[in-house]
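Read the structure below first, then the notes.
Throughout, read-outs are computed from the coordinates displayed, never taken from laboratory work. Fair warning: this is a prediction, and the values are worked out from it, not measured in the lab. Using ideal geometry, Cβ is built from the backbone for each residue, glycine included, and neighbour counts are taken over all protein chains shown.
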Amino acid sequence: MNQSAPWKYLLILTTILLSILFVMPNFYGESPAIQIMPIKSGEKIDTSLLQSIEEVLGKSKIENTGLILENFHIKVKFKTAEEQLKAKSIIQKALGDEYVVALNLIPNSPKWLSDIGPLPMYLGLDLRGGVHFLMQVDLTKALEKTTASYLSEFRKELRKGKIGYYDATKNNDIMQIKFKSKSELKKGKNIIRDINNNFDFQEIFVNDEIILKVIISEKTKKSITEFAIKQNLETLNNRVNELGVAEPLIQQQGLDRIVIQLPGVQDTAKAKEILGRTATLEMRMVNEDNFNSDIFREGNEDQIPVNSEIFPDRFGTGILVKKQVILTGERITNAGPGVDQQTGQSIVSITLDGKGASIFKQVTRDNIGKRMALLLIEKNLTEIVTAPVINGEIGGGRVQITGMSNAQEATDIALLLRAGSLAAPMEIIEERTVGPSMGKDNISRGIKSTIWGFIAIVIMMAIYYMVFGVISVVTLSVNLLFLVALLSALQATLTLPGLAAIALTLGMAIDANVLINERIRDEIRNGNTPQASIHMGYKMAWGTILDSNITTMIAGLALFMFGSGPIKGFAVVHVLGILTSMYSAIFVSRAIVNYIYGNKRQISKLSIGEIFKVDNN
Amino acid sequence: MEFFRVKKDIPFMKYRKISAVVSTAIFILSVFFIFFRGLNLGVDFTGGTMMEVSYPEAANIENIRETLRDIDLEDTQVQNFGTEEDVLIRLPIRKDLSIAELSEKVADALKLKNSLMEVRRVESVGSQVGDELYENGALAVLFVCIGIMLYLTVRFEWRFAIAAIVANMHDVIIILGFFAFFQWEFNLTVLAAVLAVLGYSVNESVVVFDRVRENFRKMRKANVAEVINNAITRTMSRTIMTHLSTQTVVISMLIFGGEILHNFALALTIGILFGIYSSIMVGCPMAMWLGTNQNNLAIPTPEKKQENLEL
């Protein structure tokens with residue numbers, strides 16, 4: 001009756017051995033390390049870089065405990081955090097701006113173990129220290145931006161097709177074009193349709209005005225916003241690369257939000273500055289027809305032509321530029337600082353993508369002798385960096401921007417342009433920073449709570465239920481092993497509330513054992529034989545255990561679904577803990593009991609503590 | 001060792017009128033405090049910034065306040081946090097400064113006064129995010145209640161489901177009442193504890209109800225009160241052991257868990273203590289009052305057939 005099938009023992013043994021394997025990396029701990037990778041992600045690394053790093057470290061007498069060459073990066077392990085920090089600055093200096101040198105932690109597992117693959121538990125930011133940002137993307141701005149660029153395209157095509165129209169304006173994401181006649185409107189509509197087939201049209205004829213409303217369809221809007229989020233994600237990726245973080249997490253959350261987690265980042269001010277930069281570059285033509293700086297300096301705004309705007313240049317002088325945008329920063333594929341050969345001035349040279357290059361070529365050809373302005377828009381402040389005269393057609397997509405005051409500024413602007421522009425502005429709406437010392441404290445707090453709670457339970461159970469109590473405790477330890485193994489294997493993020501959940505799960509997991517033990521006592525009380533009592537005890541307890549665990553599971557799942565941050569961390573461990581505790585209470589404890597008592601024909605008494613007999617009914 | 005050496009079943013249901021008065025009184029008192037004192041919501045829900053900074057020696061709170069006033073930050077709360085060296089600063093949302101700028105401004109100003117100051121933790125939440133976290137928290141509570149009720153209705157019957165949920169809400173309201181009365185900070189972590197209590201406390205009800213159902217089958221001649229009394233008495237030992245174990249861990253958390261887990265553990269403690277009481281003295285009387293008896297249990301029993309014959 002109380003014999004477990006051999007396959008059950010085998011299953012339990014296998015799961016225990018596997019769990020031990022997965023838990024092991026947690027005991028070896030982690031070493032401080034630095035990670036070196038090229039600034040352009042995806043570029044392969046060879047052994048020559050490895051050698052030069054070794055040389056640099058050798059020269060400055062910093063001892064490392066291991067160099068690891070992987071496909072896209074090199075990792076160097078150190079004994080202490082001081083050596084790690086020292087090495088970081090020395091290597092960064094030696095390798096220059098082409099490489100990102102980031103702080104990291106590497107598991108200390110022996111080679112055979114790390115070859116098999118298990119990793120230590122993945123610690124959340126509250127345990128390892130770091131920054132968490134939640135950014136809100138302003139998608140209406142992305143729509144407006146796209147609308148503006150459509151509008152400038154319409155103007156260009158309408159002019160090219162010699163269609164008579166008075167003006168083309170936009171209100172948010174609705175464009176409105178006033179035509180001279182109905183037939184012109186018809187022709188214009190066809191031209192617009194040729195540009196893009198995803199517009200809805202509305203013709204309005206009031207007071208002799210012939211107006212065509214061009215409305216972007218919902219489907220197109222959706223694809224525009226999706227693209228904007230994608231581009232922002234890419235830009236953030238590039239920017240985080242500049243920051244030098246070993247394992248950043250950049251992820252879309254919901255429709256219009258982005259989560260950024262930077263483990264180990266200590267300089268939060270710099271992180272915020274780099275992530276929060278909203279600079280975009282625009283190239284527009286200077287409106288030289290009506291230029292009269294005197295008027296504009298006085299801020300006499302009704303004098304500004306409808307098609308133009310005024311912005312200050314570096315010296316504060318207002319320059320009138322057309323509203324029509326020729327190119328935006330999205331067309332820039334690369335940018336770098338440099339020095340002009342002839343004048344010795346600092347410059348930024350940029351490379352445009354194919355479409356950008358052809359637009360640029362055409363515009364420069366059509367506007368020789370006129371001035372083109374370069375606008376840098378940062379946090380709603382627009383500044384004209386430079387407004388040079390076009391001397392000739394510029395092909396090939398290589399453009400030099402002069403007007404930099406010094407080399408540092410050229411480097412900064414190049415970085416800003418290279419890191420890419422944002423398709424839509426973003427704002428940090430949630431920040432959670434945990435300092436490194438706090439992280440360490442949290443780990444020790446969580447572990448201490450768990451260990452002391454565990455020890456107390458062990459003592460209580462052993463006293464109250466004797467041998468069965470010890471079996472329960474063994475089961476509980478196995479449960480803890482399973483839980484930690486599962487967390488390591490799944491690489492689920494472990495947070496401080498998660499550690500609390502481990503402790504709490506232990507307290508709650510014992511419930512299943514208590515239920516079983518009490519049931520067995522009940523059966524003995526009712527005069528059953530020990531063997532029958534064990535059998536009935538497990539059988540009767542099972543239903544109750546299932547019910548109570550499922551209700552707890554419902555709560556856990558709700559926590560996971562609706563929870564964020566600390567709640568989610570708690571929920572993950574809670575739910576996994578319920579699963580492992582059910583498995584270990586039902587399978588493992590039964591197997592141990594069967595192993596001890598199952599083969600004995602005659603047992604006069606079970607060691608389950610003193611049982612007080614009651615006259616039942 | 002056996003804790004409960006009772007010869008006869010304890011007549012719990014005899015006291016159900018007293019317990020009803022007591023429960024209602026505590027419940028009303030809790031609701032009163034929640035409404036009139038209100039919960040001391042953390043920045044997770046209200047929005048705003050919370051910074052934990054630490055100094056190598058005992059921190060001078062007055063100096064910190066002054067520094068903050070100097071940079072035009074009003075409405076700030078500065079207090080010690082756990083130890084003399086640790087300080088907790090709370091700042092409301094500002095219209096002119098983004099939450100990202102605010103914490104940097106404070107850190108810079110404090111660093112300028114004392115370069116050994118270390119920022120241990122920053123939690124900044126925008127008002128919109130705060131509202132959402134609040135909403136999601138309420139949704140989670142609702143979801144848990146509905147989920148548990150559905151499950152209990154299927155496994156037992158609707159009377160048990162209602163009785164369990166009433167007992168559960170009783171516990172949750174009391175936890176909130178305590179937090180309102182003592183003005184302990186209520187943040188996301190505490191909400192996690194409250195939700196865990198929802199799952200945990202229903203455990204207790206399920207175990208007792210399970211026994212009640214079993215007893216209805218076994219004890220044919222007993223009346224409903226006797227059946228329930230026997231179920232509670234027989235599960236008493238388990239109740240004490242389980243809660244003692246869980247409470248032991250929670251106490252360990254109170255001692256070693258530090259300030260962040262402190263309120264979490266407090267909420268669990270209240271939840272566990274009142275969970276025992278409510279499943280016995282709220283859930284069971286409720287089920288009885290709703291008319292639970294042998295006939296309306298989900299699983300048909302032989303007893304049922306017999307009774308039909310007698311009619």
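Listing for the model above:
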item: Kirkwood hydrodynamic radius over Cα pairs of the range A:422-524, then Stokes diffusion coefficient at 25 °C and 0.890 mPa s, in µm²/s; result: 151
item: Dipole of the range A:30-107 [Lys/Arg +1, Asp/Glu -1 at C-beta], most positive-end residue of A:Gly58, A:Gln35, A:Pro107; result: A:Gly58
item: Average projected area [Cα convex hull, the range A:1-93], square nanometres; result: 9.4
item: Taking the C-alpha atoms of the range B:1-113, convex hull volume expressed per residue in Å³; result: 202
item: Directionally averaged shadow of the range A:140-221, computed from the convex hull of its alpha-carbon atoms, nm²; result: 4.9
item: Kyte-Doolittle mean at least -1.0 and Cα axial length at least 24 Å: DSSP H helices in chain A; result: A:6-28, A:139-160, A:218-243, A:436-490, A:496-525, A:530-562, A:566-583
item: Ratio of the Cα radius of gyration of the range A:313-359 to 2.2 N^0.38 Å, where N counts its residues; result: 1.46
item: Stokes-Einstein translational diffusion, the range A:457-514 - Kirkwood Rh over all Cα pairs, 0.692 mPa s, 37 °C, in µm²/s; result: 273
item: Sites A:Asp208 and A:Asn172, calculated FRET efficiency, Cβ-Cβ separation with R0 30 Å, nearest 0.05; result: 0.70
item: Translational D in µm²/s for the range A:82-234 (Stokes-Einstein at 20 °C, 1.002 mPa s, Kirkwood Rh from C-alpha pairs); result: 103
item: Principal axis dimensions, largest first and in whole angstrom, of the range A:514-563 by Cα; result: 49, 12, 11
item: Evaluated over the protein assembly as shown, the Cα radius of gyration and Dmax, each in Å; result: 35.1, 114
item: nm² value of the averaged projected area, convex hull over the Cα atoms of the range B:48-125; result: 4.5
item: For the range A:51-126 versus the range B:84-121, the gap between their alpha-carbon centres in whole angstrom; result: 32
item: Per-q log10 I(q)/I(0), the range A:383-452, q = 0.16, 0.17, 0.26, 0.27 Å⁻¹ (Debye; single scatterer per alpha-carbon; no solvent); result: -0.84, -0.89, -1.22, -1.24
item: Radius ratio Rg over Rh of chain B, counting only Cα atoms, Kirkwood formula for Rh; result: 1.12
item: Shielding by other protein chains, A:443-452, mean Cβ within 10 Å; result: 5
item: Semi-axis lengths, Å, the range A:189-235, gyration tensor of Cα atoms, sqrt of 5 times eigenvalues; result: 30, 11, 8
item: Mean Cβ neighbour count within 10 Å, used as a protection proxy, ranking A:520-533, B:29-42 highest first; result: A:520-533, B:29-42
item: Hull volume in cubic angstrom per residue (convex hull over the Cα atoms of the range A:224-429); result: 154
item: Under 17 Å from A:Lys221, Cα to Cα: aspartates and glutamates that are on another chain or at least 8 residues apart; result: A:Asp138, A:Glu144, A:Asp173, A:Asp200, A:Asp256
item: FRET E, pair A:Gln341, A:Lys270, Förster distance 51 Å, beta-carbon r, rounded to 0.05; result: 0.90
item: Flagged links, alpha-carbon separation over 26 Å, of A:Lys156/A:Lys370; A:Lys141/B:Lys111; A:Lys77/A:Lys230; A:Lys187/A:Lys370; A:Lys219/A:Lys355; result: A:Lys141/B:Lys111; A:Lys77/A:Lys230; A:Lys187/A:Lys370
item: Calculated log₁₀ intensity ratio I(q)/I(0) where the Debye formula runs over C-alpha points of the range A:335-419, q = 0.14, 0.16, 0.19 Å⁻¹; result: -0.50, -0.66, -0.93
